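The values are calculated or read from the model by the stated rules, or taken from the named source; none is laboratory data. Computed from a predicted structure; not experimentally measured. All Cβ positions, glycine included, derive from the backbone under ideal geometry; neighbour counts span all protein chains shown. Surface accessibility is based on the protein's heavy atoms, side chains included, excluding ligands, DNA and RNA. Shrake-Rupley method; radii C 1.70, N 1.55, O 1.52, S 1.80 Å.
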Amino acid sequence: MILGTVFHVATACVIATSAAGVGGGQVVQRSREALTSSNTLFGPTGLINVPTAYVTQHGKVQFSTSFGEDIRGPAANYGITPGVEIGGAFIDREGRKNKGVANAKVNIIPANFDFFEVGVGVIDAADAITRSYYVIGSADFAIPRAVEDRAIGFRLHFGAGTGMFEDEFIFGGELQLDPKFSVIGEYDAKDFNGVLRYSHDRNFRVQGGVQGAEIFFGATYLLEF
């Protein structure tokens, strides 16, 4: 019920975006370079477990490694075309068989919106662990201004998913403290998680905090070929 409603909203956004593109010949700027450009524990671009609407930049690859609650492993995403990322992750599970998972996400920018984007994706497409579909909206409330050379902004992410997201709502938020540091919190349908993220530059990010009842650490590096 919940996910069906969200998918109807996403479909409407796709139709609106397509209509605008055909009628006006507009060229939309794809996902912005944001502090959200990190991989989640299971692979997609996002927060800790919760994906965001944003995707890996076209022609670039995001490599990452994450250590979370009873699972850890590397992941990679490739921006195969503007607005689309594909990728995979190797999931090393404590006390269980290790698995590889394949992921994909499409980024949608509704017509006449410059601060809101929608992501529709799948985690573990081959159902090696639990195939999970999701729809997530990301709103950017960052105001481009400087206060003593400090950037201030806020991003909110809200959606729903199946599989690992248990047909429930998922959400998260990012408070950007300055150009390098942000505080991130999320609810992944099971746990509230939180980290502090450090962005060394446009290509390298690390984050550490709590996922479930365990310590979480992750690092993402962006490469262009």
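Kindly establish whether VAL55 is at pLDDT below 95 and surrounded by fewer than 24 Cβ atoms within 10 Å (Cβ to Cβ).
Answer is no for this residue.
Scanning the range 168-186 for residues that are open to solvent by 50 Å² or more (accessible area, probe 1.4 Å) and under 17 Å from ILE136 (Cα atoms) yields GLU168, PHE169, PHE171. Restricting ALA139, ALA160, ALA189, ALA146 to residues that are at pLDDT 95 or above and either surrounded by fewer than 17 Cβ atoms within 10 Å (Cβ to Cβ) or not in a strand (DSSP E or B) (or both) narrows the list to ALA189. A count restricted to the range 106-136 and to residues that are touching an Asp or Glu at 6+ places or on another chain (Cβ under 7 Å), over 16 Å from ASP188 (Cβ atoms), in a strand (DSSP E or B) and not β-branched (Val, Ile, Thr) stands at 1.
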